[in-house]
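Notes for the one structure printed next.
None of the figures in this text is laboratory data; all of them are computed from the coordinates on show. Keep in mind it's a predicted model, so treat the numbers as computed, not measured. A quick note on method: Cβ atoms are made from the backbone with ideal geometry, for glycine too, and the neighbour counts reach across all protein chains shown.
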Amino acid sequence: MTNLTEKRKITIMIAIITSMFFSAINQTIIGVAMPRIIAKLGGMDYYSWAITIYLLTSTVASILVGKLSDIYGRKPFILTGIGLFSLGALLSGFSADIFQLIAYRAIQGAGAGIIMSTAFTAMGDLYEPRERAKWTGVMSAVFGVSSVAGPLLGGYIVDHLDWHWVFWIFLPIGVLAFLLILIHFPQVEKREGESVDYWGSALLTTTIVPMLLAFSWAGEGANKYAWDSWQIIGLLAVSVLSLLLFLWVETKVKTPVLPLNLFKNSIFTVSNLVGFFLNAGMMGAIIYVPFFVQGVKGISPTMAGYVAMPMSIAMLVTSALSGQIITKTGKYKKMAVGGLLVMTVGMVLMYFMEPSTPIYELVLYMILLGLGMGIAMPVFSLTVQNAVAPQQLGVATATSQLFRNLGGTIGIAVMGSVMSASMTTKMTQLSGTMGQGTASASADPALAEKLALFSNPQNLLDQPKIEAALQSLPPESQALFTHMLDVIREAMSYGITTTFLTGAIVAAFAVVLALFLKEIPLRSGKGKGQKAAEGHAVLNQTKEIQV
């Protein structure tokens with residue numbers, strides 16, 4: 001596909017970007033709206049599952065489709081991904097309870113995993129790594145645009161319209177993306193001499209799914225199991241056994257779903273490990289920002305969208321600029337390390353927030369976080385694709401997506417446990433204040449009922465409900481009710497900011513790993529002779545850094 005005319009390439013990229021935007025905007029529009037949706041559907045204890053299941057199915061789908069797209073081409077899979085994602089979005093809007101929402105989000109996740117894996121791989125089919133850098137910046141900017149528009153629109157919908165439209169409003173873009181890919185994306189012939197690794201695919205799935213379930217179900221609180229329970233130990237044992245069998249099978253089959261020799265390349269290995277810890281720190285922490293803004297600060301979803309917007313704009317600008325700089329210089333290591341450092345500092349500063357912290361401080365910290373993410377995130381897809389042979393582009397890109405999704409899923413699960421445990425600890429410390437307030441309210445059944453209702457942090461996310469409860473109380477009870485809410489918000493704030501600190505520690509580990517990243521020239525498509533020389537030099541350097 002590198003031999004296509006530039007006009008045809010750009011047309012195909014527009015189709016790819018449209019499909020990515022459809023997937024990305026559906027994710028970001030849900031982020032701000034999800035706390036209110038959970039408040040409507042109920043099931044706060046299952047909140048993280050609505051996120052986790054999406055990442056779980058996305059993870060499995062992305063890695064399984066990687067090798068298949070190398071064999072059969074990208075087109076049938078990206079069309080399948082758009083179709084599944086659209087179906088999941090449609091059904092999610094019809095959810096009657098949290099369990100239906102989780103099931104339909106699983107369908108969405110499978111579609112998203114296929115879209116993301118094939119989209120970035122297709123870009124690699126069209127352009128050499130050096131020219132690919134600017135398109136990586138553009139594709140990252142798509143996430144930036146969706147990160148700006150999504151929260152604003154999501155907040156507006158749940159404040160002024162029915163929440164179901166959060167899932168339905170962009171379905172027409174899914175139809176458009178499907179048609180653009182169908183018409184403009186070329187279909188390639190099946191690669192001869194390769195077969196599907198069914199055993200490897202099955203064992204990889206039984207490695208990933210039990211492991212992610214174990215991390216999601218382990219912890220404290222309702223619907224959780226202790227880390228040393230038979231359920232968690234059993235899931236981890238199944239995962240380990242499947243992994244051992246998978247490694248054995250991959251050394252025997254003709255066409256492995258995940259060629260193990262890729263991990264002999266230190267650039268490939270380090271890049272994927274950094275991607276894992278980057279996403280674990282970032283995803284595990286920032287999904288709780290809407291909880292802080294809406295639950296602790298008491299800001300409406302619409303205004304929460306405006307609070308998140310500067311971070312998204314910062315990420316948009318730096319991702320586009322970093323892509324252009326990498327294309328121009330061919331260098332990436334300093335940008336990767338610098339971006340990760342900035343991101344880590346942003347999360348450390350967010351740890352020091354309190355209920356009394358002004359909103360402008362939160363915005364400044366989130367801008368810093370966005371700047372770091374925008375610089376660092378595009379780099380590691382490039383380094384992975386640049387370090388492997390073209391015929392392994394699909395499986396290499398899918399593996400990169402796998403490590404990122406694993407990091408995000410495990411990060412969310414661990415951060416959820418950290419938040420729950422931290423909130424419980426803080427509530428215990430504040431139990432004296434709570435006890436005095438409860439005793440004072442015992443003579444007022446209406447006040448006692450309201451306090452019992454809002455002792456559940458889930459209800460702090462529904463500002464109209466809080467206002468209605470406050471107005472229903474007599475003036476002499478309103479002050480005590482407000483005080484008790486402040487105590488619960490303090491515990492919630494402590495739990496959330498502790499997740500930010502945990503995320504910062506994980507991100508700092510990614511910084512250390514990035515220091516070991518080897519830097520080799522990005523291949524260019526400037527001319528056949530130069531291209532061949534650069535490709536030969538890169539392959540030689542790659543061989544020299546096999547571990």
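Per residue, the Cα convex hull of the range 207-341 amounts to 180 Å³. When each of the peptides 63-71, 355-363 is scored by how many other beta carbons lie within 10 Å of its residues on average, the order from highest to lowest is 63-71, 355-363.
Less than 5 angstrom separates the built amide H of residue 218 from those of 225, all sequence-distant by 5 or more or on a different chain. Applying the Karplus relation 6.51 cos²θ - 1.76 cosθ + 1.60 with θ = phi - 60° to the range 502-507 yields 3J(HN,Hα) values of 4, x, 5, 5, 5, 5 Hz, where x marks Gly and Pro.
Residues whose amide H lies under 5 Å from that of residue 265, counting only those 5 or more places away or on a different chain, are 547; hydrogens are built 1.01 Å from N in the peptide plane. By other beta-carbon atoms within 10 Å, ranking 82, 53 with the fewest at the front produces 53, 82.
Does anything in the range 305-325 have its amide N under 18 Å from the 7 Å Cα→Cβ label point of residue 360, and if so which residues? Zone members listed by number: 306-311.
Working ranking of peptides 237-244, 391-398 by packing, defined as the average number of other Cβ atoms within 10 Å per residue, highest first, is 391-398, 237-244.
Ratio of Rg to Rh for the range 198-252, alpha carbon only, Kirkwood? Numbers along the way, then the final one.
Working: Rg = 12.8 Å, Rh = 11.6 Å.
Checking Rg against Rh, the ratio lands at 1.10.
Beyond a 30 Å Cα-Cα separation, which of these cross-linked pairs lie in this structure: 333/426; 224/264; 224/465; 334/426?
333/426; 224/264; 334/426
Mind ranking 500-509, 200-209 by how tightly packed they are, going by the mean number of other C-beta atoms within 10 angstrom, highest first? Before the final figure, lay out the partial values.
Numbers: 500-509: 22.8, 200-209: 20.1.
The most tightly packed comes first, giving 500-509, 200-209.
Once the Cβ-Cβ distance between residue 198 and residue 516 is put in as r, and R0 is 22 Å, what FRET efficiency do you end up with, to the nearest 0.05?
Details: r = 36 Å, r/R0 = 1.63.
That gives a FRET efficiency of 0.05.
Taking other C-beta atoms within 10 Å as the exposure proxy, 36, 74 rank 36, 74 from fewest upward. Rounded, prolate or oblate: which fits the range 324-422 when a ≥ b ≥ c are the square roots of the eigenvalues of the alpha-carbon gyration tensor, with rounded for a/c under 1.5 and prolate only if a/b beats b/c? Oblate shape, in that a/c is at least 1.5 and b/c is the bigger or equal ratio. Look at 29, 102 and count the other Cβ atoms within 10 Å of each Cβ; fewest to most, that gives 102, 29.
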